[in-house]
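Student: Take a look at the following structure, please.
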Amino acid sequence: MIPPKPEGVTWTDDQWKAIMAGGQDILVAAAAGSGKTAVLVERMIKKITSTSNPIDVDELLVVTFTNASAAEMRHRIAEALEKAIDEDPSSGHLRKQLSLLNRASISTLHSFCLEVIRKYYYLIDIDPGFRIADETEAQLLRDEVIDELFEEEYGKPDNHPFYRLVDTFTNDRSDEALKDILLDLYDFAKSNPSPEGYLEKIVKMYDVHHELGFEELPFSNVLLFDVELQLLGAKRLLDQGLEITRMPEGPAPRAENFEQDKHLIETLLSAKERSWNALYDAMQLVDFKRAKPCSPKQYDKDLIDKASKLRDKAKKMVLDLKAELFSRRPESFLKDMFEMRDVIQTLANLVKEFDKKFAQVKQEKGLVDFSDLEHFTLDILSSGREAEQRMTPSEAGLAYRRKFKEVLVDEYQDTNMVQEAILRLVTADGENNGNLFMVGDVKQSIVRP
């Protein structure tokens, strides 16, 4: 039960619910500047200073995006504790929290990973004297390793799969484009709990045959969902434009254009429900009619411009979608995927080889990068996978589960799949009775695993 909001507090009703709700995993999704982080901090303070069921500050794991954010949180908690002590000077619990604050787990996820590895380094194959490579050093090592790898591949006799890969992704002057693709794929793979499994999944996507329907492809549902989002987004823009045409001095003749455009998008959405082929055929008939003339002498120029910009944006969304996904028949895509399967397999194998060589070089130098921190932590906290591929916690993972009464994550939208797995290993099982509290805004996401 959420207690009633006290009189005089500045929190909105939704913010108060987020601060006080409990008993399950909670995700607070809100736009930038809406006070998400402030809600997270207030939630921590409420739990620490509770008179009915207080917890110690070191029983919370708080994951922030930057060290500066972590320092700011500590400062705000310290201020709240000092204020609470002024009101209740005899409270030993509150005084204890001030002494525990400096060693509380309020940090970036990589700092938490470092803490786990320092504590349990003996469970994995790592030199306890390791150091974290800085960004420049790590990039130079990556460049050296990939150059050596390519030199080896070029030197192998009759290495036709590699030569075909080079011909596919490079021009006659340089193979830098292929190196960039390989490194990008490596980074994507390492952002997953099982990099090799991710690469195998990518290759499997190309296991198609000519008789296969587009809807049977493993990624078709995701692609159709994205197409629907784009079309609905364009439709919303047209609705806004139509409203402008109905305003006093709005460009009334343009209402016909907006109605026609909306009908076109509704036709595309209807075709999408039938099949990809039906959507392809409908896309070929897309035709946006010329805008009806509207003289600024008769209609408000600003309203004309606003309506025009909305329509232009909606048209661009649809035409870009058509150019990107519907410029060729579905059978052509399937044929290309079938023919590319061996090339993608070679690329995946090359990524695996790069990973092995890069790891060896780092081990020889006693270095780790941020991706290593995540995967080493995952190795320490997990003991294997269940049949459903869900990771199960090791004894170390269970120890952290017992320690942390709640795990709070700021900027959750930037959490990749490895980081998500780490968090799941130290939180209670099950969303309905979990103890994970997350705040974020998907529109600010910078992670694309």
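Student: Among the numbered criteria (1) in contact (Cβ under 8 Å) with a residue 40 or more places away in the chain; (2) open to solvent by 40 Å² or more (accessible area, probe 1.4 Å), which single criterion is violated by residue 285?
Tutor: Residue 285 satisfies all of (1) in contact (Cβ under 8 Å) with a residue 40 or more places away in the chain; (2) open to solvent by 40 Å² or more (accessible area, probe 1.4 Å) except (1).
Condition check ((1) farther than 30 Å from residue 276 by Cβ; (2) charged (D, E, K, R)) across all residues:
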| residue | (1), (2) |
| --- | --- |
| 325 | no, no |
| 329 | no, yes |
| 337 | no, no |
| 349 | yes, no |
| 357 | yes, yes |
| 370 | yes, no |
| 377 | yes, no |
| 382 | yes, no |
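Student: Shifting gears a bit: Just to be sure before I move on: is residue 37 in contact (Cβ under 8 Å) with a residue 60 or more places away in the chain and touching a helix residue (DSSP H, G or I) at 6+ places or on another chain (Cβ under 9 Å) in the structure I sent?
Tutor: The answer is yes for residue 37.
Student: If I go through segment 2-42 residue by residue, how many of them are modelled with pLDDT under 85, surrounded by 14 or more Cβ atoms within 10 Å (Cβ to Cβ) and under 24 Å from residue 430 (Cα atoms)?
Tutor: Result for segment 2-42: 1.
Student: Report, by residue number, each residue of segment 162-196 that is open to solvent by 70 Å² or more (accessible area, probe 1.4 Å), more than 15 Å from residue 418 (Cα to Cα) and assigned to a helix (DSSP H, G or I).
Tutor: Correct list: 163, 164, 167, 176, 180, 184.
Student: Please verify whether segment 198-209 includes one or more residues that are touching a Pro at 6+ places or on another chain (Cβ under 8 Å), in a loop (DSSP other than H, G, I, E, B) and farther than 26 Å from residue 422 by Cα.
Tutor: yes
Student: In segment 206-249, what residues are among the aliphatic types (A, V, I, L, M), modelled with pLDDT under 90 and open to solvent by 50 Å² or more (accessible area, probe 1.4 Å)?
Tutor: Within segment 206-249, 222 is the sole residue that qualifies.
Student: Go through segment 309-325 and give me each residue that's open to solvent by less than 70 Å² (accessible area, probe 1.4 Å), in contact with a helix residue (DSSP H, G or I) (Cβ under 9 Å, 6 or more places away or on another chain) and free of Cβ contacts under 8 Å to residues at least 40 places away in the same chain.
Tutor: 322
Student: State whether one or more residues within segment 43-63 are under 27 Å from the mean Cα position of the chain (by Cα) and open to solvent by 60 Å² or more (accessible area, probe 1.4 Å).
Tutor: Checking segment 43-63: not a single residue is under 27 Å from the mean Cα position of the chain (by Cα) and open to solvent by 60 Å² or more (accessible area, probe 1.4 Å).
Student: Quick check on my filter: what residues within segment 332-366 are touching a His at 6+ places or on another chain (Cβ under 7 Å) and among the charged types (D, E, K, R)?
Tutor: The one that is touching a His at 6+ places or on another chain (Cβ under 7 Å) and among the charged types (D, E, K, R): 335.
Student: Can you name the condition, by its number, that residue 69 falls short on among (1) open to solvent by 60 Å² or more (accessible area, probe 1.4 Å); (2) part of a helix (DSSP H, G or I); (3) among the hydroxyl-bearing types (Ser, Thr, Tyr)?
Tutor: (1)
Student: Let me ask something else. For segment 326-345, give me each residue that is open to solvent by 30 Å² or more (accessible area, probe 1.4 Å) and in a helix (DSSP H, G or I). Break it down stepwise before answering.
Tutor: In the first step, residues of segment 326-345 are kept if they are open to solvent by 30 Å² or more (accessible area, probe 1.4 Å); the result is 327-329, 331-333, 335-336, 338-342, 345.
Hits for segment 326-345 are 331, 332, 333, 335, 336, 338, 339, 340, 341, 342, 345.
Student: Just wondering, is there one or more residues in segment 141-155 that are part of a helix (DSSP H, G or I), β-branched (Val, Ile, Thr), open to solvent by less than 90 Å² (accessible area, probe 1.4 Å) and at pLDDT below 95?
Tutor: no
Student: When you scan segment 72-101, how many residues do you find that are open to solvent by 60 Å² or more (accessible area, probe 1.4 Å), part of a helix (DSSP H, G or I) and without any contact (Cβ under 8 Å) to a residue 12 or more places away in the chain?
Tutor: So the count comes out to 8.
Student: Also: Under 26 Å from the mean Cα position of the chain (by Cα), assigned to a helix (DSSP H, G or I), under 24 Å from residue 201 (Cβ atoms) and in contact (Cβ under 8 Å) with a residue 24 or more places away in the chain: does that describe residue 355?
Tutor: yes
Student: Condition (residue is farther than 30 Å from residue 166 by Cα, of a type outside the set (D, E, K, R), part of a helix (DSSP H, G or I) and in contact with a helix residue (DSSP H, G or I) (Cβ under 9 Å, 6 or more places away or on another chain)) applied to segment 287-305: is it met by at least one residue?
Tutor: yes
Student: Further question on the same structure: Within segment 396-438, which residues are β-branched (Val, Ile, Thr) and either open to solvent by less than 10 Å² (accessible area, probe 1.4 Å) or at pLDDT 95 or above (or both)?
Tutor: The answer is 407, 409, 418, 422, 426, 427.
The values are calculated or read from the model by the stated rules, or taken from the named source; none is laboratory data. Just so you know, these numbers come straight off a predicted model, no measurement behind them. Reconstructed Cβ throughout: ideal geometry from the backbone, glycine too, with neighbour counts over all protein chains shown. For the accessible areas, the whole protein counts, side chains as well, though only heavy atoms, and no ligand, DNA or RNA atoms are used. Shrake-Rupley method; radii C 1.70, N 1.55, O 1.52, S 1.80 Å.
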